[in-house]
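**Q** This structure is in structure tokens; I'll ask about it shortly.
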Amino acid sequence: LHPPREKDHGWNPVEGRDGARQFREVWGGWRGKDLLGLVVLDFYPRASGAELTLVVNPGFRRRGVGGFLLEKIASMAESVGLPWLEVSVDQGNTGARLFFERWGFTSIRGAAPGKSKLRFRIGG
């Protein structure tokens, strides 16, 4: 698990959708030149937690790639003191929702229309 480019390692400041400052961490899981999966963590200082985006190459799904990426990024998030991770999932994407629930994510309110929002408490 490593950033797509070594020089991008660490929290990278970016401007959020609402103009607020946020930080983004992007990591990829690779086998040779094949990108197996990608995880993006957007940290919003005002919210204290982070929003997670996890994508696994369809050819490598159901092989432990998503779990590996999630485990590594959750460990990194814990090491920098983040209390929670959130993910938004399309309501029709039952497989993704069940994946996150198996890892301890629970449904919360505040999802956009057509989405489910799940939260994972780090260290608990």
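**Q** Quick check: anything in segment 102-111 in contact with a Ser or Thr (Cβ under 8 Å, 6 or more places away or on another chain), free of Cβ contacts under 8 Å to residues at least 24 places away in the same chain and surrounded by fewer than 17 Cβ atoms within 10 Å (Cβ to Cβ)?
**A** yes
**Q** Something else: Would you be able to say whether some residue in segment 86-97 is without any contact (Cβ under 8 Å) to a residue 12 or more places away in the chain and within 15 Å of the chain's Cα centre (by Cα)?
**A** There is at least one residue in segment 86-97 that is without any contact (Cβ under 8 Å) to a residue 12 or more places away in the chain and within 15 Å of the chain's Cα centre (by Cα).
So that you can scan it fast, the table gives a plain yes or no per residue for (1) at pLDDT 85 or above; (2) over 15 Å from Ile122 (Cβ atoms); (3) surrounded by 13 or more Cβ atoms within 10 Å (Cβ to Cβ):
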{"residue": "Asp8", "(1), (2), (3)": "no, yes, yes"}
{"residue": "Gln22", "(1), (2), (3)": "no, yes, yes"}
{"residue": "Val26", "(1), (2), (3)": "no, yes, yes"}
{"residue": "Gly32", "(1), (2), (3)": "no, yes, no"}
{"residue": "Gly37", "(1), (2), (3)": "yes, yes, yes"}
{"residue": "Thr53", "(1), (2), (3)": "yes, yes, yes"}
{"residue": "Ala74", "(1), (2), (3)": "yes, no, yes"}
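**Q** Consider segment 63-89. How many of its residues are of a type in the set (Val, Ile, Thr) and under 23 Å from Gly114 (Cβ atoms)?
**A** First, pick out the residues of segment 63-89 that are of a type in the set (Val, Ile, Thr): 65, 73, 80, 87, 89.
Keeping just the survivors that are under 23 Å from Gly114 (Cβ atoms) gives 87, 89.
Matching residues across segment 63-89 total 2.
**Q** Please name all residue pairs, on different chains or six or more residues apart, with Cβ atoms under 9 Å, provided the first residue is in segment 47-75 and is within 16 Å of Leu98 (Cα to Cα) and hydroxyl-bearing (Ser, Thr, Tyr) and the second residue is at pLDDT 90 or above and buried (at least 20 other Cβ atoms within 10 Å of the Cβ).
**A** Thr53/Val87
The values are calculated or read from the model by the stated rules, or taken from the named source; none is laboratory data. On a predicted model such as this, the values are computed, not experimentally measured, just so you know. Positions of Cβ are generated from backbone atoms using ideal geometry, with glycine treated the same way; all protein chains shown enter the neighbour counts.
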